[in-house]
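Trainee: To start, I am sharing the structure in question, which I have written as structure tokens.
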Amino acid sequence: MSDLYSLTPYVVLAVSALASTIAVYLAIIERDLIKAVLYSAIQSTFYALIFYLLMVPDIVLVYIPVAVGLLPAILIIAVKKTEKYEDVGGVPRTTSIIVLLSVTVFTLIAGYLLVVSHAITFDVFPSLDARLLAKWFLATTLWWNRLFSSMSPEAVTAIVWDYRGLDTYFETSVMYLAIIGALAIARYLDIPRKEYREDVMGMSIIGKMSTRVIMPMIIIVAISIALHGHLTPGGGFQGGVTGAVTVSLLIFIFSVYFATRFFKISIAILLRIIGLAGIVLSATIVAIIGFLIGQPAYIFQNQPKIIAQIGLPYEIGGNLISGTLLLFNTSEFLAVLMGFAILFLLLSIPEENVLEVIKGEVE
Amino acid sequence: MNLLNPVLTIIGYVLVGIGAFCQVVAGIGMNRFPNFFVRLHAATICAIGGSFVPIIGCSLIALSIEEFGVIRFFLAGAGFVTAVFLLILAPVGSHLLAKAAYFSKAAVLYPKAVDLLEEDVERGEIRE
């Protein structure tokens, strides 16, 4: 009986995966768009159940309101404002069969991987004693032993980068995907060229003068937050967002024509790509070094471990840099600052120019 | 320095008390004042009286605690710098808010006693 009881989560997992597969198939072949949205909401519900079973409650807390509530609501409003039926005569039968086959194959591969992980760790689901894990992290973070610690006195940064690097990486890439989406939507738009005139444009002289005084200090604080990310609370993302305040101040207090003297969209994209390359480099540099000198190493490795004895130095000339953390924070600062600069510049394109481009596309 | 410490403490506590009083006054004003521009006045009381003054008070209190050692100078210095920036930037912010709200006509100027800015604009001395 107890065997049967311990099998329950596996059965629920399998049934949820199957049901979400069917819901995806129905959502794709359905011609009534409202019903398709409802099918996709059903699929999200089953995914939330799967996430809960795999013990990621933080993802579930975000996933339920967004994917089950907010997204279908927005989609239904959009469908009501436009057309209720797909006008392309439905999906052809061969396409629907291909979709069904590919979704089934994906589900089977995912299930196979779960079974393989079961064979390795003898357990699909993570240990229920999560507190033990947290205690281990906290005990090793400030224990200055290079084999166990990440040599950074800031516990949050150390844990996020050294134990949950993949998680951080994907969280970061979500924001970059959003910016890529904004760039793709605005690919035909450009900020119109116009001469900035101090006496006509922008807000009053009081605002301009105090902004000129405060702006260098904001940049200095932002750089200090980013470069001290491995020592104090903060880091690359927080520093980048602080620095992005300067761009929005330039746009709102002066004018977008004044801001484009310092931030051109193309240069911002270039700097953002450099930052992204730095993030990728800081994730893989130890693995690359290990590959070159022929020693075992991991992606996202920072300090040497027992089975992978190479790592970056944790200090240079007595200054603590915590291995890859300084490189990561610097690149993340650059990438986030330039990403937000691009967003602000795109948002400040005048409406007439946007309308011109849209009309030109339609006609 | 020892003799000065109680004086600094008392002045600091008095300043913090003034700050608490200003916060309450600003809260009442925020709820009771009739339109945007007068409510902005209450917000400015909150920013200067309710934030600038107690931060100075906290810095003085931090200076007077000798157990902190050298750290107390860092605390007090950070407090003074923050207070000075608040003193410069809070009025600028409310000035820009008021100007933007006035010229975009986003806020209704209903119970109005006098509007000198309107007269200046009519005479052409100030550009919108």
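The values are calculated or read from the model by the stated rules, or taken from the named source; none is laboratory data. All values derive from a computational prediction rather than experimental measurement. We place every Cβ from the backbone using ideal geometry, glycine too, and count neighbours over all the protein chains shown. Heavy atoms of the whole protein, side chains included, go into the accessibility calculation; ligands, DNA and RNA do not. Shrake-Rupley method; radii C 1.70, N 1.55, O 1.52, S 1.80 Å.
Trainee: When you go through (1) open to solvent by less than 50 Å² (accessible area, probe 1.4 Å); (2) over 18 Å from A:Ser150 (Cα atoms); (3) assigned to a loop (DSSP other than H, G, I, E, B) one by one for A:Gln295, which number turns out not to apply?
Mentor: (1)
Trainee: Would you point out the residue of segment A:323-352, among those that are among the acidic types (Asp, Glu) and open to solvent by 20 Å² or more (accessible area, probe 1.4 Å), that is nearest to A:Gly236 (Cα to Cα)? Steps first, please.
Mentor: Initial filter on segment A:323-352 (among the acidic types (Asp, Glu)): A:332, A:351-352.
Adding the requirement that they be open to solvent by 20 Å² or more (accessible area, probe 1.4 Å) leaves A:351-352.
On the way: A:Glu351: 33, A:Glu352: 36 Å.
Top of the filtered list is A:Glu351.
Trainee: Yes or no: segment B:26-38 includes at least one residue that is part of a helix (DSSP H, G or I) and crowded, with 20+ Cβ neighbours inside 10 Å.
Mentor: yes
Trainee: Every residue in segment A:5-22 that is open to solvent by less than 30 Å² (accessible area, probe 1.4 Å) and either in contact with a Ser or Thr (Cβ under 7 Å, 6 or more places away or on another chain) or modelled with pLDDT under 80 (or both), please.
Mentor: A:Ala17, A:Thr21
Trainee: So which of B:Phe85, B:Phe103 ends up being within 14 Å of another protein chain (Cβ to nearest Cβ), among the hydrophobic types (A, V, I, L, M, F, W, C), open to solvent by less than 80 Å² (accessible area, probe 1.4 Å) and under 27 Å from B:Ile10 (Cα atoms)? Break it down into steps so the answer makes sense when it comes.
Mentor: Details: B:Phe103 fails: under 27 Å from B:Ile10 (Cα atoms).
B:Phe85 is the lone residue from the list that is within 14 Å of another protein chain (Cβ to nearest Cβ), among the hydrophobic types (A, V, I, L, M, F, W, C), open to solvent by less than 80 Å² (accessible area, probe 1.4 Å) and under 27 Å from B:Ile10 (Cα atoms).
Trainee: Of the conditions (1) assigned to a helix (DSSP H, G or I); (2) over 20 Å from B:Phe21 (Cβ atoms), B:Lys112 fails just one. Which one is it?
Mentor: Among (1) assigned to a helix (DSSP H, G or I); (2) over 20 Å from B:Phe21 (Cβ atoms), B:Lys112 violates only (1).
Trainee: Check segment B:51-60 and report whether any residue there is surrounded by 13 or more Cβ atoms within 10 Å (Cβ to Cβ) and either within 14 Å of another protein chain (Cβ to nearest Cβ) or more than 27 Å from A:Ile214 (Cα to Cα) (or both).
Mentor: Just the residues of segment B:51-60 that are surrounded by 13 or more Cβ atoms within 10 Å (Cβ to Cβ), to begin with: B:51-60.
Pick out the ones that are also either within 14 Å of another protein chain (Cβ to nearest Cβ) or more than 27 Å from A:Ile214 (Cα to Cα) (or both) and you get none.
No - not one qualifying residue is present in segment B:51-60.
Trainee: Is it the case that some residue within segment B:1-21 is assigned to a helix (DSSP H, G or I) and in contact with a Lys or Arg (Cβ under 8 Å, 6 or more places away or on another chain)? Even if it seems obvious, please write down each step before you answer.
Mentor: Within segment B:1-21, the subset assigned to a helix (DSSP H, G or I) is B:4-21.
Add one more test, that the residue is in contact with a Lys or Arg (Cβ under 8 Å, 6 or more places away or on another chain), and what stays is none.
No, because not a single residue in segment B:1-21 is assigned to a helix (DSSP H, G or I) and in contact with a Lys or Arg (Cβ under 8 Å, 6 or more places away or on another chain).
Trainee: Another question about this same structure. Restricted to segment A:208-230, and to residues that are free of Cβ contacts under 8 Å to residues at least 24 places away in the same chain, within 14 Å of chain B (Cβ to nearest Cβ) and not hydrophobic (A, V, I, L, M, F, W, C), which residue is least open to solvent (accessible area, probe 1.4 Å)?
Mentor: A:Ser210
Trainee: Sticking with this one: From the list A:Phe258, A:Phe237, A:Phe252, A:Phe263, pick out the single residue that is crowded, with 17+ Cβ neighbours inside 10 Å and assigned to a loop (DSSP other than H, G, I, E, B). If you could, list the steps in order and put the result at the bottom.
Mentor: Details: A:Phe258 fails: assigned to a loop (DSSP other than H, G, I, E, B); A:Phe237 fails: assigned to a loop (DSSP other than H, G, I, E, B); A:Phe252 fails: assigned to a loop (DSSP other than H, G, I, E, B).
Exactly one of A:Phe258, A:Phe237, A:Phe252, A:Phe263 is crowded, with 17+ Cβ neighbours inside 10 Å and assigned to a loop (DSSP other than H, G, I, E, B), namely A:Phe263.
Trainee: Only one of these is touching an Asp or Glu at 6+ places or on another chain (Cβ under 8 Å), assigned to a helix (DSSP H, G or I), away from every other protein chain (no Cβ under 14 Å) and of a type outside the set (A, V, I, L, M, F, W, C): A:Thr172, A:Thr168. Name it.
Mentor: None of the others qualify; the one that does is A:Thr172.
Trainee: Identify all residues within segment A:51-110 that are of a type in the set (Phe, Trp, Tyr) and either more than 30 Å from A:Thr8 (Cα to Cα) or open to solvent by less than 80 Å² (accessible area, probe 1.4 Å) (or both); write none if there are none.
Mentor: Within segment A:51-110, A:Phe51, A:Tyr63, A:Tyr85 meet the criteria.
Trainee: Taking segment A:314-325 as the search range and keeping residues that are farther than 11 Å from A:Trp161 by Cβ and of a type in the set (A, V, I, L, M, F, W, C), which one is nearest to the chain's Cα centre (by Cα)?
Mentor: Looking at the filtered set, the residue picked out is A:Ile321.
Trainee: Taking the residues in segment A:194-207 that are more than 10 Å from chain B (Cβ to nearest Cβ) and free of Cβ contacts under 8 Å to residues at least 60 places away in the same chain as candidates, determine which candidate is surrounded by the most Cβ atoms within 10 Å (Cβ to Cβ). Show your work before the answer.
Mentor: From segment A:194-207, those more than 10 Å from chain B (Cβ to nearest Cβ) are A:194-198, A:201-202, A:205; that's our starting set.
The next check asks that each one be free of Cβ contacts under 8 Å to residues at least 60 places away in the same chain; those that pass are A:197-198, A:201-202, A:205.
On the way: A:Arg197: 11, A:Glu198: 11, A:Met201: 14, A:Gly202: 21, A:Ile205: 10.
The residue in question is A:Gly202.
Trainee: Can you find, within segment B:67-82, the residue that is surrounded by the most Cβ atoms within 10 Å (Cβ to Cβ) among those that are more than 14 Å from every other protein chain (Cβ to nearest Cβ) and among the aliphatic types (A, V, I, L, M)?
Mentor: Only one residue fits best here, namely B:Ala76.
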